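Shown next, in C-alpha cells, is the structure this report addresses.
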Amino acid sequence: MIESHTMFRPPAEAYSLLLRVANGCPWNRCRFCGMYKGVRYDALPREEWMADLAEQSVVDPAARRVFLADGDVMHLPTESLLDILNAVNNALPQLARVGSYANGASILKHSEVQLRQLRELKLHTLYMGLESGDDGVLRAADKRETGAEMLEAALRAQAAGLRMSVMVLIGLGGRSRYDAHVRHTVDILNRMKPRQLSFLRMIPVPNTPIGKEWDCGERDDFLSEREAVMQMRDLIDGLTECTSVLTANHVSNVVPIEGRLPKDRGRLTGMLDAVLSSDRLTSEGPGAFPLSL
Ligand code: SF4
C-alpha cells in the first residue's frame, strides 16, 4: 500500500482549498486509470480531517471554494457528507461552493431529497467520468456503471440543484468501437446536458492494465492522432441538444478547444475540419504522448 499519495483535483478547482476526507477510489478498477493504484479506499478519521480543516481555515479564513478529495467522496454515507459540509461551513464563513469527484454508483446511493440536503450545505459541483455512453466500451474498460446508470445519476443530482461536470475519453474503445462510442456518448450527453463537459484523450498511462498492454505491444487499436481529432469532431457534431460549456484543453488532447454548446458547434467542427484537412496530423499512430499527465 502507498503511504502517501497524490491529491488530484480538476483544473477548475485550482484555487480551491483542498480537503482530503477519504483516500482513493472505492472502485479503482478502470483499466485506463492510474490515479489511485495501490491506494486502499477508506474514509479519513473525523479528527484527522477536522484538524486539517482547522489548520487550513487559519491560513485562508476567507476561502470561498473547497474541493473534497480523494476520488469519490460521494461514496460516503449521506450522514458523513452532511457532517463534513456542516464543519466546512462553520470553519469558513465566506464559503460559496464545494466540489467533489463522484462516481455514478455513488451518486445513486443518495436519494434526491438527500442530495438536496447536501446542496443546501453548499455542495455545488460533482465531477463524474462518463468516459463513454456505450456499454460495450464501458465494460471493456471495466468501468463500474452503465451509460444509463450514469445518466440517471447525473439527472438526479441536477434535479437536486447540483452542477455536473462530466468527462469523456476520446479513443476509449479504440477503432473497433469508434462508431458505437460516438453514437451512444452523443445520445447520453444530449439527454444529460451537464453544465460542464470535458474531452480528454485516451492515453496509455504507465502502471495501468492498458498502459502495460501498450508497453508490451499488445494494443494496436489506439486511434491515430488524426482519428482522435475526427472523433472529437464527430462527437461535437452530434451534440445538438447538449447545453454545456465544452473544454478540451487537457494535455492529452491533440487540439485544444473551448466553446458553448450547442451554439458553438459549427465553429468548433469547422475549426477541427480545417485541422483535419491540413497535413499536421499523423494517420500512422497516436503521435507523441505527453510526458506526464
Ligand atoms: S476512472 Fe474514476 S472510477 Fe475509475 S478507477 Fe479512476 S478514479 Fe476510480
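Do you know the relative contact order of the chain, to the nearest whole percent, from alpha carbon pairs under 8 angstrom that are 6+ apart?
14
Considering the convex hull of the alpha carbon atoms of the chain, report its projected area averaged over all viewing directions, in nm², one decimal.
Dividing the Cα hull surface by four gives the mean projection, 15.0 nm².
Which aspartates and glutamates, if any, have their Cα less than 12 Å from the Cα of K143, not counting same-chain residues under 8 positions apart?
E131, D134, D135
Roughly how tilted is helix 265-276, in degrees to the nearest 10 and between 0 and 90, from the longest Cα axis of the chain?
On a 0 to 90 degree scale, this one is about 50.
Just to make sure I understand: if all protein chains stay in place, what is the order of D215, D70, D237 by accessible area at 1.4 Å, largest first?
Greatest to least solvent exposure: D215, D237, D70.
In degrees from 0 to 90, rounded to the nearest 10, what is the angle of the helix 178-192 Cα long axis to the longest principal axis of the chain?
Computed tilt is about 40 degrees.
Given the options P26, P262, P77, state which has the largest fluctuation in a GNM of the chain using a 10 Å cut-off (strictly under) for Cα springs.
P77
Where does helix 147-159 land angle-wise versus the long Cα axis of the chain, in degrees 0 to 90, nearest 10?
40
Quick check for me: using +1 on Lys/Arg Cβ and -1 on Asp/Glu Cβ, what's the dipole size of the stretch 115-170 about its Cα centre, in debye to the nearest 20?
The dipole magnitude comes to about 360 debye.
Identify unpaired cysteines across the chain, taking unpaired to mean no other cysteine Cβ lies under 4.7 Å from the residue's Cβ.
That list is C25, C216, C242.
Which Rg and Dmax, in Å, describe the Cα atoms of the stretch 1-123?
Values for the stretch 1-123 (Cα only, Rg and Dmax): 14.0, 41 Å.
Using a cut-off of 13 Å between alpha-carbon atoms, which aspartates and glutamates can reach K263, once sequence neighbours fewer than 8 places away in the same chain are excluded?
D237, E241
Once every DSSP H run of n ≥ 4 in the chain is given -39500 (n - 2.57) and the sum is divided by its residues, what mean residue ellipticity at 222 nm do you get, rounded to the nearest 500 deg cm²/dmol?
On the way: 10 runs with 108 residues, N = 293.
-11000 deg cm²/dmol, from helical runs alone.
Read phi for every residue in the stretch 220-234 and hand back ³J(HN,Hα) as whole Hz from Karplus 6.51 cos²θ - 1.76 cosθ + 1.60, θ = phi - 60°, with x for Gly and Pro.
Using θ = phi - 60°, the values come out as 10, 10, 5, 5, 5, 4, 5, 5, 5, 5, 5, 5, 4, 4, 5 Hz.
Averaging sequence separations of C-alpha pairs under 8 Å and six or more residues apart, then dividing by the length of the stretch 84-236, give the relative contact order as a whole percent.
Over the stretch 84-236, the number comes to 22 percent.
Expressed as a whole number of Å, what is the distance separating the alpha-carbon centroids of the stretch 48-92 and the stretch 231-293?
36
Considering only the stretch 11-276, what is the antiparallel percent among its DSSP beta bridges, to the nearest 5? If you can, show how the numbers build up before the last one.
Numbers: 6 of 33 bridges.
About 20 percent, rounded to the nearest 5.
What size of dipole, in debye to the nearest 20, comes out for the chain about its Cα centre when the only charges are +1 on Lys and Arg C-beta atoms and -1 on Asp and Glu C-beta atoms?
680
Local charge sum around L268 (other residues, Cβ-Cβ under 11 Å, Lys/Arg +1, Asp/Glu -1)?
Values: positive: R233, R260, K263, R265, R267; negative: D237, E258, D264, D273.
Every neighbour counted, the sum reads +1.
With Cβ to Cβ distances under 12 Å as the rule, what net charge do the other residues near L76 carry (K, R +1; D, E -1)?
Combined, the nearby Lys, Arg, Asp and Glu give -3.
Largest first, what is the accessible-area ranking of R144, R177 with a 1.4 Å probe?
Descending order: R144, R177.
Hey, in the GNM for the chain with a 10 angstrom Cα cutoff, which one of L239, L115, L276 fluctuates hardest?
Of L239, L115, L276, the Gaussian network model singles out L276 as fluctuating most.
The values are calculated or read from the model by the stated rules, or taken from the named source; none is laboratory data. As the structure is a prediction and not an experimental result, all values here were calculated from the model. Positions of Cβ are backbone-derived with ideal geometry, glycine not excepted, and every protein chain shown enters the neighbour counts. Heads up: the accessible areas ignore ligands, DNA and RNA and are worked out on the full protein's heavy atoms, side chains in. Shrake-Rupley method; radii C 1.70, N 1.55, O 1.52, S 1.80 Å.
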